[in-house]
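Structure, as structure tokens:
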Amino acid sequence: MNAKRRVRYVAQLLDQIGLEGERVAMANISSAMGAQFAELVTDTTERLRELGPSPLKET
Amino acid sequence: MIVGEQKPLDEVMELLGDARKVLLAGCGTCVTVCFAGGEKEVGILASQLRMRSKLEGHAMEVDEVTVQRQCEWEFIDPLASRLKDYDVVLSLACGIGIQGMNERFPSTITLPGVNTTFLGIPEKQGVWEERCQACGDCILAVTAGICPIARCSKQLLNGPCGGSQNGVCEIDPDTPCAWQLIWDRARELGTVDKLLEIQKPKDWSKSRDGGPRKIVREDLVLIDEQTGD
């Protein structure tokens, strides 16, 4: 619960900087939820690919 | 303690303008406790400034320092030799510390990174509430240890008013009625008789209405050995 709020805070910090807050996310997945984990990683990878590399690396 | 909160990053960026070398100065006392301007917040804001300025194409060089108290000369004097290296100092201290820096180092511009908000208490983790307005004439002995000046929306000395409903102030359902709190505690303490005495109008000249205030303790003032004054 606390970690989730802190991740939300970090996302806000990134938004303020001008980086996309969606670059950081948190999910609760148990070790028995293999399919959901795979789906989450796939979705995250797609989202990050859409966002592109960090503009800080390019400048 | 003094409670404040950091200014929004957009406002800070605007204040910094064209500055390229910035000293971000935190304070180790009140603003550390309220998570507005301590060493940790200095580190986070410095990183934000570096990244934001780089993204905007004018990378800022941001150095970090946190002193124990920006409101006392002996704690900020060690910064003196470093200040010439910077275009500007961004202070995360309260308004007292920021003014302390400007007063002690008049040739250096020290900008505010924090909005100083009130004198208060950490009611629980992550929540701060106002408790004192430094009115200069404390009446807590009469009001069961609960301040109507800081906590009653109307600053009533003889409350409550008609806007008190079910123990809550009419301005906001999250604001308890100070006079309800006062009455309840006085009843528990058996001091309700003090509340039945009508309080006369307050002498506000001891508060901000009397202008900037000053305390001089002759027994503590150091005597100049040269002049004897």
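Bear in mind that the values in this text are calculations on the coordinates, not laboratory data. Note that this is a predicted model, so its numbers are computed, not measured. Glycine also receives a Cβ, built like all others from the backbone with ideal geometry; neighbour counts cover every protein chain displayed.
Amide H neighbours of B:Gln133 under 5 Å, at least 5 residues apart or on other chains, H built in the peptide plane: list them.
Close amide H contacts, sequence-distant or interchain: B:Ala150.
Would you give the gap between the C-alpha center of segment B:187-202 and the C-alpha center of segment B:7-55, rounded to a whole Å?
Going from one Cα centre to the other spans 47 Å.
Lysine pairs in chain B with alpha-carbon atoms under 29 Å apart, 8 or more places apart or on different chains: how many are there?
Close lysine pairs found across chain B: 25.
Could you work out how far the C-alpha centroid of segment B:209-229 sits from that of segment B:76-90, in angstrom?
28
State whether chain B is rounded, prolate or oblate according to the following rule on the C-alpha gyration tensor (a ≥ b ≥ c being the square roots of its eigenvalues): a/c under 1.5 gives rounded; otherwise a/b larger than b/c gives prolate, and the remaining case gives oblate.
Oblate.
To the nearest µm²/s, what D does Stokes-Einstein give for segment B:2-118 at 37 °C and 0.692 mPa s, using the Kirkwood radius over alpha carbon pairs as Rh? Display every interim value, and only then the final one.
On the way: Rh = 13.7 Å.
Stokes-Einstein gives a translational diffusion coefficient of 239 µm²/s.
Roughly what angle does helix B:95-104 make with the longest principal axis of chain B, taking Cα atoms, 0 to 90 degrees, to the nearest 10?
Helix B:95-104 and the main axis of chain B meet at about 40 degrees.
Using 0.36 nm per residue of separation minus the Cα-Cα distance, give me the extension gain between B:Glu72 and B:Asp203 in nm, one decimal.
Extra length from B:Glu72 to B:Asp203 when fully extended: 44.1 nm.
Quickly rank A:7-17, B:40-50 as a protection proxy: mean count of other C-beta atoms within 10 Å, highest first. Intermediate results must be reported in sequence, preceding the final value.
Details: A:7-17: 15.6, B:40-50: 18.5.
In descending order of packing, they fall as B:40-50, A:7-17.
Using label points projected 7 Å from each Cα along Cα→Cβ, tell me how many nm separate B:Ile44 and B:Arg213, to one decimal.
In this crude spin-label approximation the distance works out to 3.3 nm.
Kindly identify the protein assembly as shown as rounded, prolate or oblate by the Cα gyration tensor criterion: order the square roots of the eigenvalues as a ≥ b ≥ c, call it rounded if a/c is under 1.5, otherwise compare a/b with b/c, prolate if a/b is larger, else oblate.
Values: a/c = 2.97, a/b = 1.32, b/c = 2.26.
Here the protein assembly as shown falls in the oblate category.
Indicate, rounded to the nearest 5 percent, the antiparallel portion of the DSSP beta bridges found entirely in the protein assembly as shown.
Approximately 45 percent, going by the DSSP bridge assignments.
Treat every Asp and Glu Cβ in chain B as -1 and every Lys and Arg Cβ as +1, leave all other atoms uncharged, and give the resulting dipole magnitude about the Cα centre to the nearest 20 debye.
Roughly 380 debye for chain B.
Sorted by mean Cβ packing within 10 Å, highest first, what order do the peptides A:34-43, B:154-163 take?
B:154-163, A:34-43
Relative contact order of chain B: what whole-number percent is it, with Cα pairs under 8 angstrom and at least 6 residues apart?
Averaging sequence separation for qualifying contacts and normalising by length gives 17 percent for chain B.
Place the peptides B:218-229, B:63-74, B:201-212 in order of packing, highest mean first, counting for every residue the other Cβ atoms within 10 Å and averaging per peptide. Present the calculation step by step, with values, prior to reporting the outcome.
On the way: B:218-229: 6.3, B:63-74: 16.6, B:201-212: 11.4.
In descending order of packing, they fall as B:63-74, B:201-212, B:218-229.
Can you work out the Karplus-derived ³J(HN,Hα) for every residue in segment B:221-227? Use 6.51 cos²θ - 1.76 cosθ + 1.60 with θ = phi - 60°, whole Hz, and x for glycine or proline.
Values per residue, Gly and Pro as x: 5, 6, 8, 6, 5, 6, 9 Hz.
Give the residue from B:Leu222, A:Leu19, A:Ala35 lying farthest towards the positive end of the charge dipole for the protein assembly as shown; charges sit on Cβ (+1 for Lys and Arg, -1 for Asp and Glu) and the dipole is referred to the Cα centre.
A:Ala35
Inside 10 Å of the C-beta atoms of B:53-62, what's the mean count of C-beta atoms belonging to other chains?
Across B:53-62, the average partner-chain Cβ count within 10 Å equals 2.
Divide by every residue of the protein assembly as shown the summed helix terms, -39500 (n - 2.57) for each DSSP H run of at least 4, and state the resulting mean residue ellipticity at 222 nm, rounded to the nearest 500 deg cm²/dmol.
-10000 deg cm²/dmol
Within 10 Å of each Cβ in peptide A:6-18, how many partner chain Cβ atoms are there on average? Round it to a whole number, please.
3
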